[in-house]
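K.L.:
Would you mind keeping the following structure in view while I ask a few things?
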Amino acid sequence: MDAIRIEHVSKTVPSGWPGQPPVTILSDLSFSVGKGEIYGFLGPNGAGKTTTLKILMGLMQASSGHVEVLGAPVQDVRIHGKVGFLPESPYFYDYLTGEEFLRFYGRLAGLGRADLERRVPELLKRMRLEEAKGRHLRRFSKGMLQRVGLAQAIIHDPELVVLDEPMSGLDPIGRKEVRDLILQLRDQGKTVFFSTHIIADVEMVCDRVGILHKGRLLATGAIEDLVGDGEAQTVEIVSEGKGLDRLAPVKAYATRVLNRGNRCLIVLPGPDHLDDVITAIRQHKGNLVSVTPHKGSLEDVFIRQTSRAM
């Protein structure tokens, strides 16, 4: 059983102008998220990520299609107790202290007094908020608010955690802390589904990824499958010697040549003609310093896919 299953979901809204056709936000969206995996929902701003999450959480109704969460239709309110959610721009009651905030959301989630006495201090420590437990939220930094928001999303120990742009606006330390938490949740057997436009965060933590653009899912799968089978996309050769940039194989096959002092950087579009170039360098009495293959990245896939869809 999948943790999330979205089948042929579309969402349209009125244009707001008389006589104009409805605006399509999502178009025939289909994908699934397996239990116990981290799935990154990647797309530029305005791609439809937040709309998808709102439909997934039952906060918005799809115009067509079917959505299941933890094996039940999204309309089944019984699944809500098994799901934790942090929206992109949450509103917190800023007159509450960190401890009061977590106790409030814990009670909303149905936790009893004994569970609250255990979970609240545990999460404050886990989120490095012990010293701020008596501080009002209005005095929290952006990173602290994000961490306390994550704490409320998991206070009831949910099976599925849904996060909308959890790294947005955080400094590098804050982003690392959120990534570490996401990995910890997976280690505990939780499923994590999060949206983002920060490609590096997806590459570092996700088992699978989906690329959304203008309401359409352009690609989905494991990162290694999307970027290719591991074959080098470009090869960089660094060598020492004079006149290496004028060698016939270099002029024929290199996409970039850069001379710096006695060194020459040669970039090939792939490994096909690597032997020809290396042989020519050696015959010219050049000294080979390094050969570095560069594999494709998720950023390459993202740019390629979104460029095609424009």
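K.L.:
Filter the helices (runs of 4 or more DSSP H) completely within region 110-221 down to those with at least 1 residues that are polar (S, T, N, Q) and surrounded by fewer than 19 Cβ atoms within 10 Å (Cβ to Cβ).
P.N.:
Details: elements: 113-126, 142-154, 172-187, 199-205.
Ranges flagged: 172-187.
K.L.:
Then there is this: Taking Tyr91, is it open to solvent by less than 40 Å² (accessible area, probe 1.4 Å), of a type in the set (Phe, Trp, Tyr) and either farther than 21 Å from Leu185 by Cβ or in contact (Cβ under 8 Å) with a residue 60 or more places away in the chain (or both)? Quick ask: steps written out before the conclusion?
P.N.:
Numbers: open to solvent by less than 40 Å² (accessible area, probe 1.4 Å): no; of a type in the set (Phe, Trp, Tyr): yes; either farther than 21 Å from Leu185 by Cβ or in contact (Cβ under 8 Å) with a residue 60 or more places away in the chain (or both): yes.
It is false that Tyr91 is open to solvent by less than 40 Å² (accessible area, probe 1.4 Å), of a type in the set (Phe, Trp, Tyr) and either farther than 21 Å from Leu185 by Cβ or in contact (Cβ under 8 Å) with a residue 60 or more places away in the chain (or both).
K.L.:
Scan Gly16, Gly46 and give me the residue that is loosely packed, with under 15 Cβ neighbours inside 10 Å and within 16 Å of the chain's Cα centre (by Cα). Reasoning before the result, please.
P.N.:
Details: Gly16 fails: within 16 Å of the chain's Cα centre (by Cα).
The unique qualifying residue is Gly46.
K.L.:
Please enumerate the residues belonging to region 250-269 that are open to solvent by less than 30 Å² (accessible area, probe 1.4 Å) and not in a strand (DSSP E or B). So that I can check it myself, show each step before the final result.
P.N.:
So in region 250-269, the residues open to solvent by less than 30 Å² (accessible area, probe 1.4 Å) come out as 250, 254, 264, 266-268.
Once the filter is applied, which keeps residues that are open to solvent by less than 30 Å² (accessible area, probe 1.4 Å) and not in a strand (DSSP E or B), region 250-269 yields Val250, Ala254.
K.L.:
Here's a check for you: in region 77-116, which residue that is closer than 18 Å to Met127 by Cβ and charged (D, E, K, R) is modelled with the lowest pLDDT?
P.N.:
Asp94
K.L.:
Now for a separate question. Answer with yes or no whether Ser290 is modelled with pLDDT of 90 or more and either open to solvent by 60 Å² or more (accessible area, probe 1.4 Å) or not in a helix (DSSP H, G or I) (or both).
P.N.:
Details: modelled with pLDDT of 90 or more: yes; either open to solvent by 60 Å² or more (accessible area, probe 1.4 Å) or not in a helix (DSSP H, G or I) (or both): yes.
Yes, satisfied.
K.L.:
Among the numbered criteria (1) part of a helix (DSSP H, G or I); (2) open to solvent by less than 30 Å² (accessible area, probe 1.4 Å), which one does Glu99 miss?
P.N.:
(2) is the only condition that Glu99 fails.
K.L.:
Is region 52-72 home to any residue that is touching a residue at least 24 places away in the same chain (Cβ under 8 Å), in a loop (DSSP other than H, G, I, E, B), open to solvent by 30 Å² or more (accessible area, probe 1.4 Å) and under 17 Å from Val192 (Cα atoms)? Walk me through it before giving the result.
P.N.:
Pass one, region 52-72, residues touching a residue at least 24 places away in the same chain (Cβ under 8 Å): 52-53, 55-57, 60, 62-71.
Narrowing further to those that are in a loop (DSSP other than H, G, I, E, B): 57, 60, 62-63, 70-71.
Now restrict to residues that are open to solvent by 30 Å² or more (accessible area, probe 1.4 Å): 57, 60, 63, 71.
Right, trim to under 17 Å from Val192 (Cα atoms) and you get 57, 71.
Yes, some residue in region 52-72 is touching a residue at least 24 places away in the same chain (Cβ under 8 Å), in a loop (DSSP other than H, G, I, E, B), open to solvent by 30 Å² or more (accessible area, probe 1.4 Å) and under 17 Å from Val192 (Cα atoms).
K.L.:
Return only the number of the condition from (1) among the aliphatic types (A, V, I, L, M); (2) closer than 30 Å to Val23 by Cα; (3) touching a helix residue (DSSP H, G or I) at 6+ places or on another chain (Cβ under 7 Å) that Ala151 does not satisfy.
P.N.:
Of everything listed in (1) among the aliphatic types (A, V, I, L, M); (2) closer than 30 Å to Val23 by Cα; (3) touching a helix residue (DSSP H, G or I) at 6+ places or on another chain (Cβ under 7 Å), Ala151 misses just condition (2).
K.L.:
Of the conditions (1) surrounded by fewer than 15 Cβ atoms within 10 Å (Cβ to Cβ); (2) touching a helix residue (DSSP H, G or I) at 6+ places or on another chain (Cβ under 8 Å); (3) more than 18 Å from Val162 (Cα to Cα), Pro22 fails just one. Which one is it?
P.N.:
(2)
The values are calculated or read from the model by the stated rules, or taken from the named source; none is laboratory data. Just so it is clear, the model here is predicted, and its values are computed rather than measured. Note that we place each Cβ from the backbone using ideal geometry, even for glycine, and neighbour counts take in every protein chain shown. Each accessible area value is taken on the protein alone, full model and side chains, heavy atoms only, with ligands, DNA and RNA left out. Shrake-Rupley method; radii C 1.70, N 1.55, O 1.52, S 1.80 Å.
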